[in-house]
Ligand code: LLP
């Protein structure tokens, strides 16, 4: 459930009319619902707890939506943060998430990033390769400390979904094989700069079927048992993120309760602390991109283009992953549906959100909402075509606040410098 509903013929976010936000802030603009973020987090947490998985660390994947107000909303409920850069660690800390609840992931952590992570005391560094493990050890020893690490395993399973977001096959760049993990874990246990506490995996994103996750998790359980048989201590098992969300035109994904039950079944009797790194399932349906129709451009042969003021620089998922986003007019007109190509104003054909979509009739000036845009929306936006970075608004009940204002053109130009020979 999300909190974007029609009320009196007009789409609202919780108690706020989207037209009021468009009026005050302008379009395009991302709008997030606090109640939906809170609900998604608590439904997942309760499902995991009720399934008997203890009090797991739910390290929200900051990459999905990194606005500090969003992080603070989740942090207040007890969420940790899964981060992949110094910038994301700084955001999580700025949101008040304690360092011990921060996980630091990513395939190419630099020496400076590892040093920063150790200095602020992140709870777990997920190492993805042997060279990275040695670098973590070197950086930790130089600081007279030990890096608390988990080894990321690549379980070599096909998760389905879009190739650009699949991570769990051995041909992908992520993690090490099971045999390497055993060797590295043993090595780490004898290394003065490392404290191995667990193992981790993440096989991809937008996974709607539990079977590939289960296949990976059964293998992870086997790994924990083998490591323990070798006399190594394994306290944590981080099962990554990846559970998909309904983007409207697709089979209903597994629910958090199904997911939790599957984990409880596969991990029965294994005494570990569980950690999770969900991003999309928390944030996607908690946000929309609100845009205005510039005009309807009709070709003589009949094709109708709804040209919006939002473009691929504001929401790149359709162009990049052929992603489907439901598009809802904020004040839907009654009457027969009309077929549109919905496009942005950028000068390339890739700036097409969808083709041949049946929608209530649109006119210039209408507002439309791209649904399920709260994850991997604003975070992937850019200033391509020198369009200003899209602003973000957070709603709570009857209130809303601009949590990232639209920059000005002066802000944009002020970031650049004239080389001395042009002065
Ligand atoms: N943990 C790790 C190590 C990850 O690489 C990811 C996502 C997550 C957790 C969170 O996965 P989620 O629960 O959100 O599926 N930009 C793409 C998605 C890229 C996901 C990358 N990794 C999109 O718009 O679909």
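The values are calculated or read from the model by the stated rules, or taken from the named source; none is laboratory data. The shown structure was predicted, so the numbers you read here are calculated from the model rather than taken from an experiment. Glycine gets a Cβ as well: all are built from the backbone with ideal geometry, and neighbour counts include every protein chain shown.
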Matching residues in the range 324-353 - criterion: being modelled with pLDDT of 95 or more and within 16 Å of the ligand (Cβ to nearest atom): 324, 325, 326, 353
Qualifying residue in the range 20-43 (condition: buried (at least 18 other Cβ atoms within 10 Å of the Cβ), under 30 Å from residue 170 (Cβ atoms) and touching a residue at least 24 places away in the same chain (Cβ under 8 Å)): no
Any hit, the range 144-162, residues being part of a helix (DSSP H, G or I) and touching a helix residue (DSSP H, G or I) at 6+ places or on another chain (Cβ under 8 Å): no
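Out of all the residues in the range 230-247, which are within 15 Å of the ligand (Cβ to nearest atom) and in a loop (DSSP other than H, G, I, E, B)?
239, 240, 241, 242, 244, 245, 246, 247
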Lone unmet requirement of (1) under 18 Å from residue 215 (Cα atoms); (2) at pLDDT 95 or above for residue 243: (2)
Residue match in the range 101-121 (condition: part of a helix (DSSP H, G or I) and under 18 Å from the mean Cα position of the chain (by Cα)): yes
Residue count, the range 1-45 (criterion: in a helix (DSSP H, G or I), touching a helix residue (DSSP H, G or I) at 6+ places or on another chain (Cβ under 9 Å) and more than 30 Å from residue 258 (Cα to Cα)): 0
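Could you pull out the residue among 127, 84, 122 that is under 27 Å from residue 38 (Cα atoms) and buried (at least 21 other Cβ atoms within 10 Å of the Cβ)?
122
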Test set (1) surrounded by fewer than 23 Cβ atoms within 10 Å (Cβ to Cβ); (2) touching a strand residue (DSSP E or B) at 6+ places or on another chain (Cβ under 8 Å) - residue 90 fails condition number: (2)
Among the residues listed as 348, 399, 383, the single one being surrounded by 12 or more Cβ atoms within 10 Å (Cβ to Cβ) and within 19 Å of residue 67 (Cα to Cα): 383
Qualifying residue in the range 202-224 (condition: modelled with pLDDT of 95 or more, crowded, with 21+ Cβ neighbours inside 10 Å and assigned to a strand (DSSP E or B)): no
Sole exception among (1) over 30 Å from residue 16 (Cα atoms); (2) surrounded by fewer than 18 Cβ atoms within 10 Å (Cβ to Cβ); (3) under 26 Å from the mean Cα position of the chain (by Cα) for residue 271, by number: (3)
Of the criteria (1) part of a helix (DSSP H, G or I); (2) outside the structural domain of residue 383 (by TED's automatic domain parsing), which one residue 318 fails: (2)
